[in-house]
Structure formats: C-alpha cells, structure tokens
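The values are calculated or read from the model by the stated rules, or taken from the named source; none is laboratory data. Please read all numbers here as calculations on a predicted model, not as lab measurements. Counting neighbours? That spans all protein chains shown, and the Cβs are built from the backbone with ideal geometry, glycine included. Calculation scope for accessible area: heavy atoms of the full protein, side chains included, ligands and nucleic acids excluded. Shrake-Rupley method; radii C 1.70, N 1.55, O 1.52, S 1.80 Å.
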Amino acid sequence: MKVMVPVKRVVDYNVKVRVKSDNTGVELANVKMSMNPFDEIAVEEAIRLKEAGKVEEIVVVSIGPKAATETIRTGLAMGADRGILVEHDDEIHPLAVAKILKGIVGEENPDIVLLGKQAIDDDCNQTGQMLAQLLGWAQGTFASKVEAEDGSLNVTREVDGGLETVKLNLPAIVTTDLRLNEPRYASLPNIMKAKRKPIDEKTAADYGVDATPRLKTLKVEEPAAREAGIKVESVDELVGKLKEKGLI
Amino acid sequence: MIEKSHIDHLVSLLGPECATTDQDRIAPLLREWRDKYFGHTQLLLTPNSAEQLSDALRYCNAHGVAVVPQGGNTGLVGAGLPGLANRDEVLISTQRMNKVLDVCPNDYSITVEAGVTIKEIQQSAETADRLFPLSLASEGSCTAGGTIATNAGGVHVIRYGSMQALTMGVEAVLADGTIYSDLSPLRKDNTGYKLSSLFAGSEGTLGIITKATLKLYPPERHRITTWIAIDDINSALNILEKLRDVTADRVSVFEIMPHSGLELVLRHIPSTLPPFPGKEFPWYILAEIGSSIHDPVLEETVEDCLSNMISNNQIADGIIAQSEQQRLELWKLRESLSEAQKHEGGSIKHDISVPVSQVPEFVKTVAPEIEQRWTGSRVIPFGHLGDGNLHFNVMQPSTMDKQAFLANWEEMNRFVHDRVTDFSGSISAEHGIGSMKAQELKRLKPASSLHAMQMIKKALDPNNILNPGALFTRD
C-alpha cells in the first residue's frame, strides 16, 4: 500500500502568538515554525504501518512557502520516503487545499491519505472531510487507533459519547487525533538520509486549482484580557458576591 | 535569645507590616527544601525599601544584633537560614522588595529590586524582546539578590557567564546602614574598584543587596537542541570544540549525564520517554545552539558537523528536536535528574568544577575510586560540562539504609574535595559555601585568599553582624 501524508507548516505550538499591530493577522516574522502536531502524529502512524509491513511507500505533501520544504524534511527524517512541495506563498483555505490534494491523489494513487484532524493555526478541521467528499472516499476522522486489514482499515474514533470503531473500505481518508501515537524523534543518521530523499516541486496551477481565498479576514484581535480576581473575607461575602453577579 | 528590647525597637522601627515575631509567618522561611537544615529565629524583618533596611541595620550594628538575609530560600548550603548552630540571628527577607524598576532595551539592561525572581526578570526581558540568560532549576523562586550573593550559575554559563558576569551594578545596605548605590548600566567604568562585583559570592556577609542592574542580550528566538549519545566521555570535549567552532560560538548549553542518570529519570519521572528506544549508551549530551534569527544554514551546519562525527565514531547516535515540544521533552530528561535521584534514595552531593579540559580525566579517575571505597555506591556525575561544573552525586547502595549511607557525607565530601583540589578545581562551583562548606573552604582555600577575604569582611562589617555563619568558620 501507499500512504500520502499532507503536512502543514505552522507557528510552533509552544510559541506565544502575537497579533500584528495592524490587526491583519498574527506575527510570523522571525517566529519559530514547526510541523502541525496533528500532522506529526499522521506521519508517525504512516511509519508504524510501514514498519508493520502493511505499507510500502510514504509520500509527504506540503502546500505552503518554500520554507515548508523544512517541514517535509522533518517528515522524511522521521522515516517517510519522498516529498512533494506545492509552493504557495499566500493565504490558502481548506477547500483549495483539498482540491490540490485531490489533484495529487490523481497522480499518486495512494491507498490511504492520513492527515491531522486540524491545523493548530486556523483550527479549521475541514480539509480531511472535504477531500473525502471530493474523492468520494470513505473517511475515519479523529482517529485514536488505526488497524490495517486486507483492503480495509479499522479506525477507532474519538467522539463526544466515547469511542466509535468504523471499518473503511480502501481507498480511504484518516484524520488523526492526539492520542493516536507518540511521534518519534528524528535521529541524526535519518536527518542526513532525508537530505538525499527526493522532493518534487509543484504549484497549485499544476493541478488546475484556483487557490484564491473565498473568505476575507476582516480583523484579528487579542482575546479580552482576563479580569483580576478579588479576595473575599467570608463565605457570606462570597455568596453575596455570587448573587450580586447573578451566578447563583 | 535576642534581647526583647532589641526586638521591640526593631518592630517599632519597621512597623507590624514589615516586622513580625509571629512564628506561623516565620516558619515557612526557616525550612530548606532538602530538609538538610532547619533554622530558627524570634524576629523576621521584611523591609520594603533600602532606607527602612538601613535604619534596621544601623540599629543592629550599634547593638551587636546579628542578621541573616534571605532571598527565595532556595539555597543549598544553609547560607540563608538564621539560627543554625544555635546562633541568635534576625532573619531579613527581601520578599517585599519585588518590583521591576526599569527595562532599557537600548542599554541591554534591566534594573530590579532584590526580591524579584529570576523568572520575572526573564519575562520582563522577553516582553522587551531581550534575553536575561541566567537559567537554573529554582528560577521560579530564587531572587536577584540571592543569586548575586551566591553568584549562581545554571545552564547558560558557557555562553553568558554566571550571575557575577551578568551584574552591572548593585545597591546594597552595608552593616553600618550606609546605602551603597551603583546601578549604572555603564559597560565601561574604570573609576576605581569595581565594588559591585564584591557582592557576587558574598553570601550576605558584606551587605544586603536591595537593587541590581543586570545585563540583557538579544533573544534566542531559534534554538537547535540536540541530544547526543557518546561511548567515551573524552569525545565530549571534541564535540564541544567542533560545535563552538562551526556555530560561531553560539553554543548556549552543553550538559552531560550518564546512562545511569537517564535510567533514574525514566524510572521515576512520569511522561518521560527514552530518546533512543531499545538502545543504551554510556553518556548523553544535551547541547543547544541559540540564535536570534531563523538560520537554515546554521541548522545544516550543525547537522553536518554532528553527522561527520558519527562517521568518525566520536558520536554514537543523536537526535535533533524538530519542535519546541520535542525540545522541552529532551530538557525534561536533564532537568528531572535531581528529583529522580531523590526518589531513588539517599545521595551525597558535590557541586564541583574542574578545568573543562580535565572533566573526562576527573570522572574516569575519581568515580571508580569512590565506588571502590564505598562499596555498592553509584557515582552519577552530571551537569554543566561546558563550564566544567559537575554535580558529582553519589547514590546509596540500593540495599543500604539511607541514613547509614548519608552518615558518610562529610568523609566523602573531604575525599572528593581533595581530589578536586588535585585537579585544580573548586569545591563549590555554583551553590556557594554557606555554613555547609565553611570548614572545607578553610581547609582547602589558599591561606592568602582567605586572608584577603577576611580583611575585606573586617573592613565592611567590623562587628560581624552580617550572616556570621556563612563563608567563615568561628575559630
């Protein structure tokens, strides 16, 4: 089998995000960028499937600026086989991403597209589902467990009510949740090997996709600062304050 | 006992807010976190200004009342606790002097009151897009004043120096109540003795620091963090040399720990993962290269440098963190070691340094000597290899009673300190002397140095009221 793993370059999870002074977006200049953590889990899962002998090839795809090559290299250093960079400098939204991925699927014919359930920058949680619709494939979203059988996948999903297990006929889309696995470190020998793995460079136009955003961001603002708390002297005062605010 | 008249006078001088005899309020400041020392005192002063402290010290000096200053109470040598060895001492905490006074990005300086924590200083610097580089395990509690008086070190000393190097000026109240003040951010000032430096490592024996001006640096917005496995500790020096060379000397961290240390961490600390699953190596290095800009070329240079060293067998294996999350995971392996040791049982600790070039030889020679002499003990040397500072800790034999093992503390200290001296090293690299190592200091410090220290002490504190138990022995 062949697995395709789309990965997104995002502001590192542990970086304190700052809103630009003109409120058009968040500050990206000289900010630490890393692979979207959900996508990292997807790469790890693909590698585990390969190590289990279920998968022969893993292709990592990223749509973004030239620097997204580094994100692809991270995937290759973890153990993926080759990469595709769709170079795109401007803002891009899930539907355009899904259309480009559909184009790549048409050329690569993977059996599984394994991707993060959402990216931590825009939190859209749409790309996997849109891609499933565009391709007419089965989808197992929010996966916390993936088991490959002949011609199908058993995917355990994290849903509001608990866990739900679905059986998907291949080809299929799987989106990953946090508890699926613990991604591995990139070892030095593998980082060096990754430098020799091929990365194809494409553009949205190569797949006939118009990636112009359909949504316009009007304004980005910091959330309101949390108000300072107060100290009360007694239980009576506490109850009084809660009543005053209409909370009890 | 401190005379009641002195206590009453000091309380009336500072007022009930800033002076208390309430043992419930005092008690938390008398406990040391390792439970090695328990202080006692009748009176706690928490002055909110140098002027208030000056009034108090003038009175104490005139009446021979001894005082012990305390910052965050994170010290490891008993230097900040009053009443040890049954002395009568007033505890003076800087906790009320807790304001950041000025951050000047263009001077690359920050001026703070003595009771501000290192963490708060780091955060204030970050807000101004600057780095305050001192970083140590207790940074959330330890204070500017305490770290200067201890001349604390931590993990960034290889690149930025210890607290002494980061201190541009101090304000301090001397024994007679004089307020010495030099908070200038001048980088060059050759107008006589650099008196502010005198307070570094003074442990509260020369004056009580009330404010400080500290150095800031450009931020390390991007860090390359690597966890390296080596078979022979000798390779560590080659790796350090190569990394400093190829990164234009931007190595900010260079820490070492043995496999036995990693094992303790994985065994005792939750959510820690082995960096090399299924593989073991004798030694690990945590190295970090910091840069204010994102520099892919620098990353590639480091990768090439390290992989070349794999090719010529200097490095056995390695990891480079691919995200801040992975970086923090690797750091946790190093930073949890002290705590993991605590869970494992008793350990006898040595905070030593030797010249960097001597670290491998010291470890290879002295660790087997100890393990032979104290059968079943396990030496777990770890720490800041980049600046020659090792925490040369010795774990108890697993079958031995903890207290029985700890009874060897002083004898083993003397043995290790003798060997450190043979290697031209220091018996206290970053924790200080306090009362814990005062005897050892007297035994091993050159007589001429001790003499000069005593002359300075006598000149500034003739009545010996400032932290009389620290640094010097009584006789």
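Structure notes:
- Calculated accessible area for segment B:98-162 comes out at 36 Å² per residue, all protein chains present (probe 1.4 Å; ligands, DNA, RNA ignored).
- Projecting label points 7 angstrom from Cα along Cα→Cβ for B:His451 and A:Glu182 puts them 6.0 nm apart.
- Accessible surface buried upon A-B contact (total; probe 1.4 Å; Å², nearest 100): 2200 Å²
- Antiparallel content of DSSP bridges confined to the protein assembly as shown, in %, to 5: 70 percent
- Ratio of the Cα radius of gyration of segment B:83-135 to 2.2 N^0.38 Å, where N counts its residues: 1.53
- Acute angle (nearest 10 degrees) that the helix B:447-460 long axis makes with the longest principal axis of chain B, alpha-carbon atoms: 40 degrees
- Within the accessible area of segment B:326-406 (1.4 Å probe), percent carbon and sulfur: 49 percent
- Among B:Met453, B:Ala165, B:His259 - extreme Cα towards positive end, dipole of the protein assembly as shown, charges at beta-carbon: B:Met453
- Inter-label distance, A:Asn14 to B:Ser5: 6.0 nm, where each label sits 7 Å from its Cα along the C-beta direction.
- Its convex hull of Cα atoms gives segment B:345-428 a direction-averaged projected area, equal to a quarter of the hull surface, of 4.8 nm².
- Nitroxide proxy distance, nm - points 7 Å out along Cα→Cβ at A:Glu108 and B:Ser424: 5.9 nm
- Segment B:84-153 and segment A:65-92 have Cα centres spaced 43 Å apart.
- Dividing the mean sequence gap of close Cα pairs (under 8 Å, 6+ apart) by how many residues segment B:235-293 holds gives a relative contact order of 47 percent.
- Residue mean of other protein chain beta carbons inside 10 Å, B:214-223: 1
- For the protein assembly as shown, the residue among B:Gly386, B:Gly207, B:Thr375 whose Cα projects farthest onto the positive side of the dipole built from Cβ charges is B:Gly207.
- Accessible surface for chain A, divided over its residues, is 53 Å² per residue with a 1.4 Å probe.
- Computed over Cα pairs, the Kirkwood radius of segment B:198-272 leads via Stokes-Einstein (1.567 mPa s, 4 °C) to a diffusion coefficient of 77 µm² per second.
- Packing-based ranking, highest mean first, of B:180-187, B:94-101 given that Cβ atoms within 10 Å are counted: B:94-101, B:180-187
- Ranking by accessible area, most exposed first, for B:Asp387, A:Asp210 with a 1.4 Å probe: A:Asp210, B:Asp387
- Where A:Asp121, A:Asp39 fall by accessible area, highest first, once all protein chains stay in place (1.4 Å): A:Asp121, A:Asp39
- Relative contact order (%) - chain B, alpha-carbon pairs under 8 angstrom, separation at least six: 15 percent
- Efficiency of FRET between B:Glu300 and A:Thr24 - r from beta-carbon atoms, R0 22 angstrom, step 0.05: 0.10
- Plainly put, chain B has a radius of gyration that is 0.98 times its Kirkwood radius, both from alpha-carbon atoms, as the Rg/Rh ratio.
- Placing unit charges on the Cβ atoms only, positive for Lys and Arg and negative for Asp and Glu, gives segment B:266-326 a dipole magnitude near 400 debye about its Cα centre.
- Sparse-neighbour loop sites [GluC sites (Glu not before Pro); segment A:150-244; at most 14 other C-beta within 10 Å; DSSP]: A:Glu221, A:Glu227, A:Glu233
- Under a model in which nothing but the beta-carbon of Lys, Arg (+1) and Asp, Glu (-1) is charged, segment A:25-119 shows a dipole of about 120 debye around its Cα centre.
- Coordinate range along principal axes, alpha carbons of segment B:278-345, Å, largest first: 45, 31, 18
- In Å², nearest 10: area of B:Trp33 left accessible to a 1.4 Å probe: 130 Å²
- Computed over segment B:253-397, the quotient of the alpha carbon radius of gyration and 2.2 N^0.38 Å is 1.11.
- Comparing Cα centroids, segment B:154-211 and segment B:268-310 end up 36 angstrom apart.
- The listed residues B:Thr213, A:Thr165 rank as A:Thr165, B:Thr213 when sorted by accessible area, largest first, using a 1.4 Å probe.
- Ranking A:Pro183, A:Leu218, A:Gly208 by Cα position along the charge dipole of segment A:174-223, where only Lys, Arg, Asp and Glu carry charges on their C-beta atoms, puts A:Pro183 farthest toward the positive end.
- Longest stretch of chain A clear of exposed loop sites (trypsin sites (Lys or Arg not before Pro), DSSP loop, at most 16 other Cβ atoms within 10 Å, sites excluded): A:67-195.
- Rg to Rh, two decimals, where the protein assembly as shown supplies the alpha carbon set and Rh follows Kirkwood: 1.03
- Cα long-axis angle, helix B:296-311 against chain B (0 to 90 degrees, to the nearest 10): 60 degrees
- Here the protein assembly as shown is assigned +1 on the Cβ of each Lys and Arg and -1 on the Cβ of each Asp and Glu. Its dipole about the Cα centre then comes out at about 820 debye.
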